[in-house]
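Reading through the structure tokens given below for one structure.
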């Protein structure tokens, strides 16, 4: 069985979105700055942006992170904020979307599978991934749920050099006591990527 890897990008003050995030608003006001490292530099929702613009240390970090993925889990909020990635899953393996609304399940050929409940999502992801790793992405609530369930083997936090001041915090309301061990640190102009082993 592969590892469960939870990964997300935050601001220096711990926000994973700016204010007013959601469908049609992406990562909220100023939140796109969190993902400059993904796009290879500054971008906006209104302008042209290169989804394959990642380079240097950011690309090396990302390729190592995703090299053995077999499936992923994300929340409905992330799915909608990303515009369903244009209707096709861009990540390795099936992306399990955790949602309470199952009636608009897209065609399985798109690479998305809607399920209700974290335990069921993890079961489906394990079935899809086989011996490969499972990625647990945003939003923050999904990451907190996976950590609280003690199912995360590796936690990866990319910190963008911005202070948002408001939005949704990664660990808001999280009350678990966890020990982490730093495995690696990559950094670029746009982010510091720290990979932690979750100590059990």
So, residue 57, is that one farther than 20 Å from residue 137 by Cα, at pLDDT 90 or above, within 19 Å of the chain's Cα centre (by Cα) and not in a loop (DSSP other than H, G, I, E, B) or not? yes
Does residue 43 fit the bill of being outside any strand (DSSP E or B) and closer than 21 Å to residue 142 by Cβ? no
Hey, could you check the range 63-74 for residues that are within 22 Å of residue 183 (Cα to Cα) and touching a residue at least 12 places away in the same chain (Cβ under 8 Å) and say which is nearest to the chain's Cα centre (by Cα)? 72
Among residues belonging to the range 160-189 that are in contact with a helix residue (DSSP H, G or I) (Cβ under 9 Å, 6 or more places away or on another chain) and part of a strand (DSSP E or B), point out the one that is surrounded by the most Cβ atoms within 10 Å (Cβ to Cβ). 168
When every residue in the range 8-31 that is surrounded by fewer than 20 Cβ atoms within 10 Å (Cβ to Cβ) and touching a strand residue (DSSP E or B) at 6+ places or on another chain (Cβ under 7 Å) is compared, the one nearest to residue 200 (Cα to Cα) is 8
Restricting the first residue to the range 33-48 and requiring it to be at positive phi, which pairs with a second residue that is modelled with pLDDT of 95 or more and part of a loop (DSSP other than H, G, I, E, B) meet a Cβ separation below 8 Å and a spacing of at least six or different chains? 41/190
Being surrounded by 20 or more Cβ atoms within 10 Å (Cβ to Cβ), at pLDDT 95 or above and in a loop (DSSP other than H, G, I, E, B), is that true of even one residue in the range 133-151? no
Scan the range 14-32 residue by residue and report those that are touching a residue at least 24 places away in the same chain (Cβ under 8 Å), farther than 17 Å from residue 169 by Cβ and over 14 Å from the mean Cα position of the chain (by Cα). 23, 25
Which of the following residues is exposed (fewer than 15 other Cβ atoms within 10 Å of the Cβ), assigned to a helix (DSSP H, G or I) and either on the phi > 0 side of the Ramachandran plot or touching a residue at least 12 places away in the same chain (Cβ under 8 Å) (or both): 77, 86? 86
Let me spell it out: the conditions are (1) in contact with a strand residue (DSSP E or B) (Cβ under 9 Å, 6 or more places away or on another chain); (2) more than 19 Å from residue 23 (Cβ to Cβ); (3) part of a helix (DSSP H, G or I); (4) at pLDDT 95 or above, and residue 65 meets all of them except one. Which number is the exception? (4)
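The values are calculated or read from the model by the stated rules, or taken from the named source; none is laboratory data. No experiment lies behind these values; they were computed from the predicted model shown. All Cβ positions, glycine included, derive from the backbone under ideal geometry; neighbour counts span all protein chains shown.
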